[in-house]
């Protein structure tokens, strides 16, 4: 990761974290529910979705002040999905980001409600945003509901569960991850570009960029599940094999997965060239995802 991108991420990280916490604190909810929501919000994370949204917005000349609450909204959706994915009925994970998962810290029911609360609060964050026009709120709410709902991330989780103990094709694996991982990244890039003023053709190219970025993120995740450092990642490695899930290394071998990762990175770079924007940060972000260690 270059100094330019490092500075950009570190420059926004505190602001994103503060806004997320302030938003949850502002909600009139029972104390235990707030504590559970904050627990997962404050567990940290790379915040790649709001960072991507902000970069896309600024790449097209938009104001980060208009984009930031939308970035927080998508991060709340992402956090809710992690809480629910970790539940015994899903992936049954005990550790997330080096800490006990939400249901281990609290209990299953509280974790479910915390996830529900974060999901629905995300739409409130968009619709209550003073710097967006009504038509922008409608567009962003529609796109986020599609990305996070039954046609998007939820569909991906269902396909992922159905695929356990099955030998998948690479094409089927891509279909799962385009939904489960890729949809929120797609939303982040497209929403940021939209807020920034991108035209329809530019939005289509940014969408293509983000779809390859989502697949790139997932194949690197699969690689790290084999060769990653458990302490650095903050969660156990080898969980995909334990849960008998098909992965890129399983289907293609480790070197084949690395080759596929590099292919997705190159496709993302080609799409970015079509997007009508000269953004070093968006290009550097591809390398950041491609070579991340956690």
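Taken together, the values in this text are just the output of simple stated rules run on the coordinates, not laboratory data. A quick note: this is a predicted structure, and the numbers were derived from the prediction, not measured. All Cβ positions, glycine included, derive from the backbone under ideal geometry; neighbour counts span all protein chains shown.
Only helical runs count toward this figure. For the chain, summing -39,500 (n - 2.57) over DSSP H runs of n ≥ 4 and dividing by all residues gives -24000 deg cm²/dmol at 222 nm. Legend: ranking of residues 26, 279, 148, 10 from fewest to most surrounding C-beta atoms inside 10 Å; resulting order 10, 26, 279, 148. Of 249, 64, 30, the residue with the greatest mean-square motion in the GNM of the chain, using alpha carbon springs below 10 Å, is 30. Its relative contact order, with pairs defined as Cα atoms under 8 Å and 6+ residues apart, puts the chain at 21 percent. The label-point distance for residue 108 and residue 278, in a model that sets each label 7 Å from Cα toward Cβ, rounds to 5.7 nm. Peptides 101-108, 49-56 ranked from most to least packed, by the mean per-residue count of other Cβ atoms within 10 Å: 49-56, 101-108.
Placing dummy labels 7 Å off each Cα toward the beta-carbon, the span from residue 294 to residue 95 is 1.2 nm. The GNM of the chain, with springs linking C-alpha atoms under 10 angstrom apart, assigns the highest mean-square fluctuation among 87, 216, 131 to 131. Each of 171, 151, 183 was scored by other Cβ atoms within 10 Å of its Cβ. Listed from fewest to most, they are 171, 151, 183. Result for the chain in a Gaussian network model with C-alpha springs under 10 Å: among 16, 258, 227, the largest mean-square fluctuation is at 227. According to the Kirkwood relation over distinct C-alpha pairs, the hydrodynamic radius of the range 167-224 is 11.9 Å.
When the convex hull of its Cα atoms is viewed from all sides, the chain shows a mean projected area of 13.9 nm². Note on the range 1-135: the C-alpha convex hull projects to 9.0 nm² when averaged across all orientations.
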